[in-house]
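Asker: Can you read through this structure? Questions will come right after.
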Amino acid sequence: MFKKSQIETFKSLKTPFYFYDMDLLDKTIEQVKLHGQSKGYHIHFAIKANYNFRILEKMLEAGFGIDCVSGPEIERSIEAGFSPDQIAFAGVGKTDEEIQIGLDHDIFSFNCESLQELEVLNDLASQSEKVAKVALRLNPNVSAKTHKYITTGLHENKFGIHPDRFSDLFELLPKLAAIKLTGIHFHIGSQVTDLESYRQLCERVNEFQNIFEGKGYNLQHINLGGGLGINYKKPEEEAMPNFKSFFELFDNYLDVKPDQEVHFELGRSIVGQCGSLISKVLFIKEGVSTHFAVIDAGMTELIRPALYQAEHSINILTSDKEPITYDVVGPICESSDTFRRGISLPEVQRGDLLAIRSAGAYGEVMSSGFNLRKQVKAYYSDELVEKAVTD
Ligand SMILES: *Cc1c(COP(=O)(O)O)cnc(C)c1O
């Protein structure tokens, strides 16, 4: 994954920093185009996974739209060059101000999550003398079989409109003159690796679609959200997810009406594997049953391990000594600031560099200023001046 000449350059850069492999990103995007766009599917990149302009540039070139979950994300997408008619806006808690941003730009779709939100959107749209295009986010009660904090499609989750509310919904919709129902939307969760969850989703979508048709609504689009997972354990072996089987599943199980558009919102699966957090070993400490490798990156740069017990693969870049057992920990005053426990790695010493892999999605964007730590830099493989290797 890392060339010797890149590692040579890393040695001269201030750590920690994010590094993006743009070649891998290009190849991943190619797969999405080959297996998804080729079927006529519309792809929105979930900007919350990574909002760096260099990354967004690639999504724009690919012809993808954007999936936003906040007003500032809409503004950034437009700044990056995306057309508002490629922008979907989801989220359970849109503020009036954020809704107004969407209205002002005439975005492709407000993905509405409750009846009250529909009423508020209708009021704001009519005040602006606009008609808002709406896709209803429905709760399909399908398990994503992923970490409970990133499961979103179950009845107990806060997301989407529950089928129990459908009769109220069908009563309400005709009263909302400033809203045009254009689609239905789903997103069952993130880091979904069992495609069976998506097969179940297709079944629910087909049922819901029939209910809407029965009420006389012909839906212009179906939006299936995102969530496709990546291989955190072995990023070398599986540098990108199997987009072929993912899109084929929908091709096989989803009932699509003539002229109906099918949309997806993919985040992690596109950018997850291309990013690494590069960090330096500060100290080695002998524990009772392990060695602690204390590194200069912490949960402030990559919070996924602390937040969802995520385990990222770690590559030691500057040592090929015999492996020993380490707990790799950050410098922050929280015991959850631990990247890995009991992992076998080549023996390291102060100053050795390591790469925390698969950090391209929900990594840099979730950085925090806790402990007054500064936002770290990002470097891109196609801009990095690689140094000659000297021994
Ligand atoms: C987060 C999110 C996505 C993207 O999820 P990934 O797991 O990164 O693919 C898509 N749609 C909605 C509504 C989201 O909230």
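Where a number appears in this text, it was derived from the coordinates with a stated rule and is not lab data. Predicted model, so just to flag it, every value in this text is computed and none were measured. Note that each Cβ is placed from the backbone with ideal geometry, even for glycine, and that neighbours are counted across all protein chains shown.
Asker: Give the separation of the Cα centroids, segment 128-153 to segment 310-387, in Å.
Answerer: Each part reduced to its Cα centre gives a spacing of 33 Å.
Asker: Step through the residues of segment 348-354 one at a time and calculate ³J(HN,Hα) from phi using the Karplus curve (6.51 cos²θ - 1.76 cosθ + 1.60, θ = phi - 60°), rounding each to whole Hz and writing x for Gly and Pro.
Answerer: 10, 9, 3, x, 5, 9, 9
Asker: Rounding to the nearest 20 debye, state how big the charge dipole of the chain is about its Cα centre with +1 on each Lys and Arg Cβ and -1 on each Asp and Glu Cβ.
Answerer: 800
Asker: Can you pull the one-decimal nm distance between simple spin-label points at Ser335 and Lys321, each 7 Å off the Cα toward Cβ?
Answerer: If labels sit at Ser335 and Lys321, their model points lie 2.9 nm apart.
Asker: While we're here: Counting only Cα, what are the radius of gyration and maximum Cα-Cα distance Dmax of the chain, in Å?
Answerer: 22.5, 75
Asker: So, one more: Once the Cβ-Cβ distance between Asp85 and Glu8 is put in as r, and R0 is 45 Å, what FRET efficiency do you end up with, to the nearest 0.05?
Answerer: 0.50
Asker: With everything on Cα atoms, drop me the angle between helix 243-253 and the longest principal axis of the chain, reported from 0 to 90° to the nearest 10.
Answerer: Long axis of 243-253 versus the principal axis of the chain: about 20 degrees.
Asker: Sticking with this one: Remind me, relative contact order of the chain in percent, using alpha carbon pairs under 8 angstrom and six or more residues apart?
Answerer: 20
Asker: Taking a ≥ b ≥ c as the square roots of the Cα gyration tensor eigenvalues, with a/c under 1.5 meaning rounded and otherwise prolate when a/b beats b/c, else oblate, which class fits segment 43-164?
Answerer: oblate
Asker: Given the options Ser38, Ser190, Ser126, state which has the largest fluctuation in a GNM of the chain using a 10 Å cut-off (strictly under) for Cα springs.
Answerer: Judging by the Gaussian network model, the answer is Ser38.
Asker: If you don't mind, another one. What nm value, rounded to one decimal, do you get for the distance between Lys27 and Leu249 when each label is placed 7 Å out toward the C-beta?
Answerer: Calculated label separation equals 2.3 nm.
Asker: Okay, moving on. Quote the FRET efficiency, to the nearest 0.05, computed for Lys148 versus Ala388 with a Förster distance R0 of 51 Å and r equal to the Cβ-Cβ distance.
Answerer: According to the calculation, E is roughly 0.55.
Asker: Which of the three applies to segment 1-83, rounded, prolate or oblate, going by the alpha-carbon gyration tensor with a ≥ b ≥ c and a/c under 1.5 meaning rounded?
Answerer: oblate
Asker: Quick check: pseudo-label points 7 Å beyond the Cα along Cα→Cβ at Asp106 and Asn206, how many nm apart are they?
Answerer: Calculated label separation equals 3.7 nm.
Asker: Expressed in whole Å with the largest first, what are the equivalent ellipsoid semi-axes of segment 114-223 derived from the C-alpha gyration tensor as the square root of 5 times each eigenvalue? Working shown, then result.
Answerer: On the way: eigenvalues 144, 47, 28 Å².
With the √(5λ) rule applied to segment 114-223, the semi-axes are 27, 15, 12 Å.
Asker: Set the Förster distance to 35 Å, then compute FRET efficiency between Lys257 and Leu307 from the Cβ-Cβ distance, nearest 0.05.
Answerer: About 0.30, to the nearest 0.05.
Asker: What angle, in degrees between 0 and 90 and rounded to the nearest 10, separates the Cα long axis of helix 196-214 from the longest principal axis of the Cα atoms of the chain?
Answerer: In the chain, helix 196-214 runs at an angle near 20 degrees to the longest axis.
Asker: Then there is this: If contacts are Cα pairs under 8 angstrom and at least 6 residues apart, what is the relative contact order of segment 273-380 in percent?
Answerer: Computed value for segment 273-380: 37 percent relative contact order.
Asker: Relative to the first principal axis of the alpha-carbon coordinates of the chain, what is the inclination of helix 115-127, with its axis defined by its Cα atoms, in degrees from 0 to 90 and to the nearest 10?
Answerer: The answer is roughly 70 degrees.
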